[in-house]
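Novice: Sharing a structure with you now.
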Amino acid sequence: TKMKGSIEENGKPVVTKMKGIDAEVNFFKDKVDYVQSIEVVGKATITGKHGYQVCNERICLPPKDKNFVFEIK
């Protein structure tokens, strides 16, 4: 299994200032797809982890990590 290129972000990015944060904040509103092309010969199991955080206008929940597994048969 070999990754081809880098991860693409498909969504509408928002760059803005938020109250209480001294820097610009980057995020995707509503939905984002992350796409990674790979080359696979035969069967493969691809594992990984992604991190995310959910916020509204007032607060953000603590960041979370989730593991994932893709099996190619």
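The values are calculated or read from the model by the stated rules, or taken from the named source; none is laboratory data. These numbers were taken from a predicted model, which means no experiment stands behind them. Cβ atoms come from the backbone with ideal geometry, glycine included; neighbour counts cover every protein chain shown. Side chains are part of the model used for accessible areas, which takes the heavy atoms of the whole protein and leaves out ligands, DNA and RNA. Shrake-Rupley method; radii C 1.70, N 1.55, O 1.52, S 1.80 Å.
Novice: So which pairs qualify, if the first residue must be in segment 13-32 and under 14 Å from Asn56 (Cα atoms) and among the aromatic types (Phe, Trp, Tyr), the second must be at pLDDT 90 or above and assigned to a strand (DSSP E or B), the Cβ gap must be under 8 Å, and the two must be at least 6 apart or on different chains?
Specialist: Filtered contacts from segment 13-32: Phe27/Pro13; Phe27/Val14; Phe28/Glu9; Phe28/Gly11; Phe28/Lys12; Phe28/Pro13; Phe28/Val14.
Novice: Within segment 53-73, how many residues are within 30 Å of Val41 (Cα to Cα) and of a type outside the set (S, T, N, Q)?
Specialist: Applying the first criterion (within 30 Å of Val41 (Cα to Cα)) to segment 53-73 yields 65-73.
Filter again for of a type outside the set (S, T, N, Q), leaving 65-66, 68-73.
Matching residues across segment 53-73 total 8.
Here's the yes/no breakdown for (1) within 15 Å of the chain's Cα centre (by Cα); (2) over 24 Å from Pro13 (Cα atoms):
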{"residue": "Tyr34", "(1), (2)": "yes, no"}
{"residue": "Glu39", "(1), (2)": "no, yes"}
{"residue": "Thr45", "(1), (2)": "no, yes"}
{"residue": "His50", "(1), (2)": "yes, no"}
{"residue": "Gln53", "(1), (2)": "yes, no"}
{"residue": "Leu61", "(1), (2)": "no, no"}
{"residue": "Lys66", "(1), (2)": "yes, no"}
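Novice: To continue, here is another question. Of all residues in segment 1-11, which are in a strand (DSSP E or B) and either touching a helix residue (DSSP H, G or I) at 6+ places or on another chain (Cβ under 6 Å) or surrounded by 10 or more Cβ atoms within 10 Å (Cβ to Cβ) (or both)?
Specialist: Across segment 1-11, the qualifying residues are Met3, Glu8, Glu9, Asn10, Gly11.
Novice: Please work out which residue is surrounded by the fewest Cβ atoms within 10 Å (Cβ to Cβ), limiting yourself to segment 52-73 and to residues that are β-branched (Val, Ile, Thr) and within 23 Å of Lys4 (Cβ to Cβ).
Specialist: Residue satisfying both the conditions and the ranking: Val69.
Novice: Output the number of residues of segment 13-51 satisfying the condition of being assigned to a strand (DSSP E or B), closer than 29 Å to Val69 by Cβ and either open to solvent by 100 Å² or more (accessible area, probe 1.4 Å) or at pLDDT 90 or above (or both).
Specialist: Summing the residues that are assigned to a strand (DSSP E or B), closer than 29 Å to Val69 by Cβ and either open to solvent by 100 Å² or more (accessible area, probe 1.4 Å) or at pLDDT 90 or above (or both) in segment 13-51 gives 21.
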